[in-house]
Structures are given as structure tokens and as C-alpha cells.
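Trainee: Take this structure first; my questions come after.
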Amino acid sequence: MAINCGLSKNQVGKVNIIVSEMVSNLVKYTPNGGELLARCLEAEPGGLEIICLDSGPGMHDPQRMLLDGVSTAGTAGEGLGAIKRQSDMFDLYSQPGNGTVILSRVYKNGGQAADANHTSCFEVGAVAVPMANQELSGDGWAVLDEKHNCYVIVLDGLGHGPKAHEASQQAVQVFARSLQHDPAAILRQVHEGLRHTRGAVGLVACIDSSKQHINLCGIGNIAGKVFTADDGPLITVSKSVLSYNGTLGHNIPARLHTQALEWNNAKLLVLHSDGLKSRWAMSIYPNLHRHNPTTIAAVLYRDHSRQTDDALVVVVRSKA
């Protein structure tokens, strides 16, 4: 997979070390089993993203555990430090009694600088996992970034498997070609583009950081919440996103209205398919909102996935 993502021989060696150390940690600390997620990064600079999820004992002092020679299992204590050193981008979130999530990225051609110099005003992260025994996910997402404007679509093709995947990817293609700026208008175009597919539910969010607002419109059971962070360790719900009944490609209301909310650097948008349980709270994860958006999505997936459906979590925030 690392080779298919365009990584060099030296970078494949880094991936070998990262994965070996991650799996070793899962064996030591997660008796009930853990999970590794991996995907190729399509956006520049490209590369491989690896996420390690466990529900083990967690850590009281994660930063200290990154130091070589520090271990709770009586080993040499080089695992987490080795993962961080081999990664071009690294993040870790851990809670005592509630496990650990590790995010590692290895960029093509040492492309960390290219990623850091990207002119976007936004950070977007996602975790998308097909249901058990399926190779393709019926959930889909895409983001269009125009510096001060960010357009995001989250989709769930009806059912599972290749036909559901086909519907959500067709919707992504229509979204990418859309010349509309209003979420309701974008969804109408997606609706027309899905008429010969199984259909899907979906939600579009358009964020304008210069005008400090976010516009949203949804069809079906894609859930969304806009959170507001303060200076403390916790975060509060600002608004839940409202959606219309219907199915894109089959039947939608004659009138669609866009929901407008306030947006600023203290806001965090979380969108997810019904592969995630509806009842969850960011307030039980101190300081999680300060981590990489992909890490946030991974924690929510780990703790609230139904495990009986495709699961998708997308997290968006403005850069400070």
C-alpha cells in the first residue's frame, strides 16, 4: 500500500517501523484487540496515513511516554518515540482508562514542507471505514478549498457495497463540478445527478471564514454538530444541523432552505453518517478539540461506531 501511494524505498522502511511499533503496542495493551486504519492521501503532497486505535488503559502523561526509555510494560520504551521520529506528521490522544489513538503520516518526497505551506484557511480530517466483510464503503465525502471558503459534502449511499459506493461517488463527482455556492442549490444538482443510481442521503456545508458564517443543508440522516471551544479543556455544542426528509436521486422536498450559523476560529464542525451512534458528546474528551481533525474523527469512530454499517466522520475547523 505504501508503494502504491508513491512512497520511496526509504519511506516504505519508515512505514515498516511505524506499523511494527503500532501493532506491538496493540498486542501489549489491548487484550480485546485494536484496529489499524490506513489510506492513501490524495491531496498534495500525498502519502500514506496510518491510524492506530486501542481501548486499552490509556496514559496519564502522553508527552512523557514519548520519551525513549519510558515504558509501562517493562520494555525498552522506544515504541512511541520511534513512531514519532519516523512520521512526517504525528498526533496522539490518550485518556486514562479509555485507550489511545495515534495518527501518523508519511508524505511523498518528504513533502512535509509542501503540506505546511498550503495556503488553506481550514483543516479537514476524516475517517471512513466500510462495514465488516465489505471492501468498498457506501459512505463518501469530498472537500473543495478556496482559501477563505471551504465546501464539504458528506454522503451515505443507500444500503451497502458496490452499488452504494457507486451512488456516493457519483454524488462526489457532481459536487466537484458544481458551480453553485449555496448548499441547497448544490444538493439539487446532486439530486439530478443521482437519478439513475441507488440514491443517497447527504449534507453540504459551505464555510466563509472572511464573513464568519457557515451555511448548511442536508437531505436524510447525515448528522452534524457545530461546537464552540473556550479557553478551557472542554467544548460545548453550539448548534445541531437540521436536515430534510428525502433521498437524493429519488425524492426531495420542493423547497430547500439553507441553515446559516456563525463561524469563527473557535468553531468545530463534525459531520457523520448513521454508521456512528447518534448519542455522543465531545464534553467527555478533555482537550480533544485541540488535536488534529483526523485524530478527533478517529476517537469518535473508535468509541461510537455501530460496527454494523459503513462509518464516516468528517471534522472541519479554521486554522488559528
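Trainee: What number of residues in region 1-23 are more than 25 Å from Asp54 (Cα to Cα) and free of Cβ contacts under 8 Å to residues at least 12 places away in the same chain?
Mentor: Going through region 1-23 one residue at a time, the tally reaches 3.
Trainee: Can you tell me which residue in region 123-156 is surrounded by the fewest Cβ atoms within 10 Å (Cβ to Cβ), limited to those that are acidic (Asp, Glu) and assigned to a strand (DSSP E or B)? Working first, answer last.
Mentor: Of region 123-156, the ones acidic (Asp, Glu) are 123, 135, 139, 145-146, 156.
Subsequent filtering for residues that are assigned to a strand (DSSP E or B) retains 123, 139, 145-146, 156.
Working: Glu123: 17, Asp139: 30, Asp145: 17, Glu146: 12, Asp156: 30.
Step by step, filter region 123-156, then rank; the result is Glu146.
Trainee: Exactly one of (1) under 15 Å from Gly224 (Cα atoms); (2) surrounded by fewer than 19 Cβ atoms within 10 Å (Cβ to Cβ) is unmet by His272. Its number?
Mentor: Against the list (1) under 15 Å from Gly224 (Cα atoms); (2) surrounded by fewer than 19 Cβ atoms within 10 Å (Cβ to Cβ), His272 comes up short only on (2).
Trainee: Restricting the search to region 157-179, which residues are more than 14 Å from Gly202 (Cβ to Cβ) and part of a loop (DSSP other than H, G, I, E, B)?
Mentor: Gly159, His160, Leu179 - these are the residues of region 157-179 that are more than 14 Å from Gly202 (Cβ to Cβ) and part of a loop (DSSP other than H, G, I, E, B).
Trainee: On the given criteria, is Leu136 under 21 Å from the mean Cα position of the chain (by Cα), farther than 30 Å from Arg290 by Cα and of a type in the set (A, V, I, L, M)?
Mentor: Numbers: under 21 Å from the mean Cα position of the chain (by Cα): yes; farther than 30 Å from Arg290 by Cα: yes; of a type in the set (A, V, I, L, M): yes.
Here the answer is yes, as Leu136 does meet what is asked.
Trainee: Filter region 29-62 down to the residues that are of a type in the set (D, E, K, R) and touching a helix residue (DSSP H, G or I) at 6+ places or on another chain (Cβ under 9 Å), then identify the one that is farthest from Lys84 (Cα to Cα). Break it down into steps so the answer makes sense when it comes.
Mentor: The first filter runs over region 29-62 and keeps only residues of a type in the set (D, E, K, R), leaving 35, 39, 42, 44, 49, 54, 61.
If we keep only those that are touching a helix residue (DSSP H, G or I) at 6+ places or on another chain (Cβ under 9 Å) too, we end up with 35, 44, 49, 54.
Values: Glu35: 19, Glu44: 21, Glu49: 13, Asp54: 17 Å.
Once the filter is applied, the top-ranked residue is Glu44.
Trainee: Considering only region 283-319, state which residues are within 30 Å of Gly161 (Cβ to Cβ) and among the aromatic types (Phe, Trp, Tyr).
Mentor: Within region 283-319, the first condition is being within 30 Å of Gly161 (Cβ to Cβ), and the residues that meet it are 293-316.
Selection gives Tyr301 alone.
Trainee: Answer with yes or no whether Leu242 is within 18 Å of Leu155 (Cα to Cα) and in contact (Cβ under 8 Å) with a residue 12 or more places away in the chain. Step through it out loud before you land on a result.
Mentor: On the way: within 18 Å of Leu155 (Cα to Cα): yes; in contact (Cβ under 8 Å) with a residue 12 or more places away in the chain: yes.
Here the answer is yes, as Leu242 does meet what is asked.
Computed from the coordinates by the stated procedures, all read-outs in this text should not be read as laboratory data. Keep in mind that what you see is a predicted model, and the values were worked out from it rather than measured. In this analysis, Cβ positions are derived from the backbone assuming ideal geometry, glycine residues included, and neighbour counts consider all displayed protein chains.
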